[in-house]
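What follows is a single structure, written as structure tokens, with notes after it.
Derivation of every value follows stated rules applied to the coordinates shown; laboratory data play no part. Predicted model only: the values in this text are computed from it and were never measured. FYI the Cβ positions are ideal-geometry reconstructions off the backbone, even for glycines, and counts take in every protein chain you see.
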Amino acid sequence: MASTQQTDRPAYLSGGRRAQRKPIAAVAAARYTGALALLSMAVIHLVEYAGNGYSQIPTIGTLFLLNFIGGTALALALMSPLDRLSNGRGGRLLVTLAVAGAAMSAASSAFLLVSERTPLFGFQEAGYRPAIVLALVAEGLALLCLAGFAASRSLARR
């Protein structure tokens, strides 16, 4: 009977352990969802580069390849257990990576939307093909999740 009373205690009597579980899970979900969205964005850029002939476009092709490399590196780093590094360095590094990933996805979306309206480095997109819609969705999701993760981790430190 005594054990039942201890497990049914409200969060304010249990040192707040139960109250903190949901926000920690939400922050982790934002981190990993953002990383997977960033990886999706990178793969879409690789498919466009290698499969749809973007490698032949002088500046745009190079930018698509760099987007794939950078997005993949950031996504893999965000999914690695960096928060286990000592002295809090891992947490700071994760926030920095999340901000970089959010900035990369925002820049990719902005450049895509610009190239829909005016030529960008001599290239202009035509229409919203499925790859463009998927890229915009992945970039938007990565931006929201990674910015939210970085903000929540930064605010939790204060």
**Asked** For the chain, modelled as a Gaussian network with Cα springs under 10 Å, which listed residue fluctuates most, Ala77, Ala142, Ala42?
**Response** Ala77
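Which of the peptides 60-73, 85-98 is most tightly packed, and how do the rest follow, going by the mean number of other Cβ atoms within 10 Å of each residue? Let's see the in-between values first.
On the way: 60-73: 18.1, 85-98: 15.4.
Those peptides, ordered most packed to least, come out 60-73, 85-98.
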**Asked** Taking +1 at the Cβ of each Lys and Arg and -1 at the Cβ of each Asp and Glu, which of Gly51, Ala75, Ser40 sits farthest along the dipole of the chain towards its positive end, judged by Cα position relative to the Cα centre?
**Response** Ala75
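Among Tyr32, Tyr54, which comes first, then next, by fewest other beta-carbon atoms within 10 Å? Display every interim value, and only then the final one.
Numbers: Tyr32 15, Tyr54 19.
The fewest-first ordering by Cβ neighbours comes to Tyr32, Tyr54.
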**Asked** Considering the alpha-carbon set of the chain alone, what are its Rg and its Dmax in angstrom?
**Response** 20.2, 75
